[in-house]
Amino acid sequence: MSAVEKFFINGATLEVELADNFLKRFCGLMMRRRLEEGRALLLEPCNSVHMFFMRFAIDVVYLDEELRIKKIVRNLWPWLGISCCFGAWGALELPRGEADRLKLVVGQKFEKKNPARD
């Protein structure tokens with residue numbers, strides 16, 4: 001089982017599975033049937049993704065080391081999609097439509113502490 005962290009943004013909480021070694025990054029979401037709303041996979045380090053062997057579309061949010069959003073790619077299709085963001089530290093893979101649901105925009109920053117409790 002991979003480590004899971006909680007990320008907070010815009011009043012929402014994401015359960016983020018960490019893919020922080022070669023094997024976890026290589027496997028990513030390939031061959032999974034779906035990714036539930038409110039969950040994500042963080043590929044770290046990573047500045048590009050492909051959709052080979054994927055069964056569903058995703059949104060990809062590229063981050064810098066401070067978890068600030070550098071680029072958002074919406075609705076990346078299985079088997080056909082590929083994207084990159086030069087200078088990105090990590091790629092957060094979300095279910096399709098999740099970037100819009102969370103109202104994500106470039107420049108926003110994910111937090112690892114719940115700002116509502118501070």
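The values are calculated or read from the model by the stated rules, or taken from the named source; none is laboratory data. Quick caveat, the model's predicted, so the values are computed rather than measured. Every residue, glycine among them, receives a Cβ derived from its backbone with ideal geometry; neighbour counts consider all protein chains shown.
I need the strands (runs of 3 or more DSSP E) fully contained in segment 1-77, keeping only those with at least 2 residues that are closer than 21 Å to E111 by Cβ and without any contact (Cβ under 8 Å) to a residue 60 or more places away in the chain. First the steps, then the outcome.
Details: elements: 4-9, 12-19, 39-43, 48-50, 58-63, 69-76.
Per the criteria, 12-19, 39-43, 58-63, 69-76.
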Filtering segment 39-57 down to residues that are surrounded by 17 or more Cβ atoms within 10 Å (Cβ to Cβ) and either hydroxyl-bearing (S, T, Y) or in contact with a helix residue (DSSP H, G or I) (Cβ under 7 Å, 6 or more places away or on another chain) (or both) yields L43, C46
Count - residues of segment 23-38 that are surrounded by 14 or more Cβ atoms within 10 Å (Cβ to Cβ) and within 12 Å of P78 (Cα to Cα) | 1
Only one of (1) among the polar types (S, T, N, Q); (2) under 16 Å from G90 (Cβ atoms); (3) at pLDDT 95 or above does not apply to S2, and that is (3)
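Run down V105, V73, V60 and say which single residue is within 12 Å of the chain's Cα centre (by Cα) and over 17 Å from V16 (Cα atoms).
On the way: V105 fails: within 12 Å of the chain's Cα centre (by Cα); V60 fails: over 17 Å from V16 (Cα atoms).
Only one candidate qualifies: V73.
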Look at segment 38-64 and say how many of its residues are touching an Asp or Glu at 6+ places or on another chain (Cβ under 9 Å) and not small (G, A, S).
-> 12
Result of the Cβ filter at 6 Å on segment 81-107, keeping first residues that are closer than 19 Å to M51 by Cα and partners that are assigned to a loop (DSSP other than H, G, I, E, B) and of a type in the set (A, V, I, L, M), at least 6 apart or interchain, is G81/M51; E93/L29; P95/L35; R96/A57
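Return the total of residues in segment 5-53 being β-branched (V, I, T) and under 14 Å from E93 (Cα atoms). Even if it seems obvious, please write down each step before you answer.
Our first condition is that a residue be β-branched (V, I, T); within segment 5-53, this holds for 9, 13, 16, 49.
The next check asks that each one be under 14 Å from E93 (Cα atoms); those that pass are 16, 49.
Residues flagged as β-branched (V, I, T) and under 14 Å from E93 (Cα atoms) within segment 5-53 amount to 2.
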For residues in segment 78-89 being assigned to a loop (DSSP other than H, G, I, E, B) and at pLDDT 95 or above, which is surrounded by the most Cβ atoms within 10 Å (Cβ to Cβ)?
-> A88
